[in-house]
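The values are calculated or read from the model by the stated rules, or taken from the named source; none is laboratory data. Everything quoted here is computed from the prediction, not taken from an experiment. Cβ sites come from the backbone with ideal geometry, for glycine too, and all protein chains shown count toward neighbours.
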Amino acid sequence: MMEGYFLRVPQGLVPENDETAEAIKKLKVGNVIKVEFKQPRNYEFHKRFFALLKIGFDHWEPPESLYKGLPVQKNFERFRKDVTISAGYYEPVANIRGEVRAEAKSISFARMTQDEFEKLYNAAANVLLQKVLINYTRPDLDRVVETLLRF
């Protein structure tokens, strides 16, 4: 299953980003595809959230360690979930061994309102400023996010 974002223009729909354009190129000409249309809550703000996370992830360096003899890898999806949990947006869940842990809440457009997403953004920015970007101020961080969004 592929997912992508499109921009509505007078001529029709055009891919909104490179990932969507690449996904379209993989489709065979003449094949019928099923498309489900949903208008996201605020796509520009969604991109802002991921720019914020990218800045934090790029600056974050986990300690070098091994797990069962393998080097531990830096992983963006794990980082995103950890920031979300640290920002207070989680649900407690149990695993098969009966251990309870925090699971990040879904940030999907269908599961989180714009208001809640904006609160998550601010809480995530605070987490990053406290734990990763300790030499930044909030205005510094906002400027870097804006710069990243321009590219």
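Things to note:
- ALA125 vs. criteria assigned to a strand (DSSP E or B) and either aliphatic (A, V, I, L, M) or under 30 Å from GLU36 (Cα atoms) (or both): no
- Condition met for LEU141 (within 15 Å of the chain's Cα centre (by Cα), under 21 Å from PRO62 (Cα atoms) and either assigned by TED's automatic domain parsing to the domain that holds GLY56 or surrounded by fewer than 15 Cβ atoms within 10 Å (Cβ to Cβ) (or both)): no
- In region 110-137, of all residues being exposed (fewer than 13 other Cβ atoms within 10 Å of the Cβ) and not polar (S, T, N, Q), the one that is nearest to TYR90 (Cα to Cα) corresponds to ARG111.
- Filter result (free of Cβ contacts under 8 Å to residues at least 60 places away in the same chain and closer than 15 Å to ALA51 by Cβ) within region 108-128: ASN122
- Being closer than 29 Å to ALA125 by Cα, outside the structural domain of ALA124 (by TED's automatic domain parsing) and of a type in the set (D, E, K, R) holds for only one residue in GLU22, GLU16, GLU64, and it is GLU16.
- Single match in ILE85, ILE55 (criterion: surrounded by 14 or more Cβ atoms within 10 Å (Cβ to Cβ) and in contact (Cβ under 8 Å) with a residue 24 or more places away in the chain): ILE55
- On inspection, SER106 fails the criterion of being loosely packed, with under 10 Cβ neighbours inside 10 Å and not β-branched (Val, Ile, Thr).
- Hey, GLU91 assigned to a loop (DSSP other than H, G, I, E, B) and free of Cβ contacts under 8 Å to residues at least 60 places away in the same chain or not: no
- Members of region 25-53 found to be out of contact with any Phe, Trp or Tyr (no Cβ under 8 Å at 6 or more places or on another chain), within 25 Å of GLU77 (Cα to Cα) and modelled with pLDDT of 85 or more, listed by number: LYS47, PHE50, ALA51
- Subset tally (residues that are more than 14 Å from the chain's Cα centre (by Cα), among the hydroxyl-bearing types (Ser, Thr, Tyr) and not in a loop (DSSP other than H, G, I, E, B)) for region 37-76: 1
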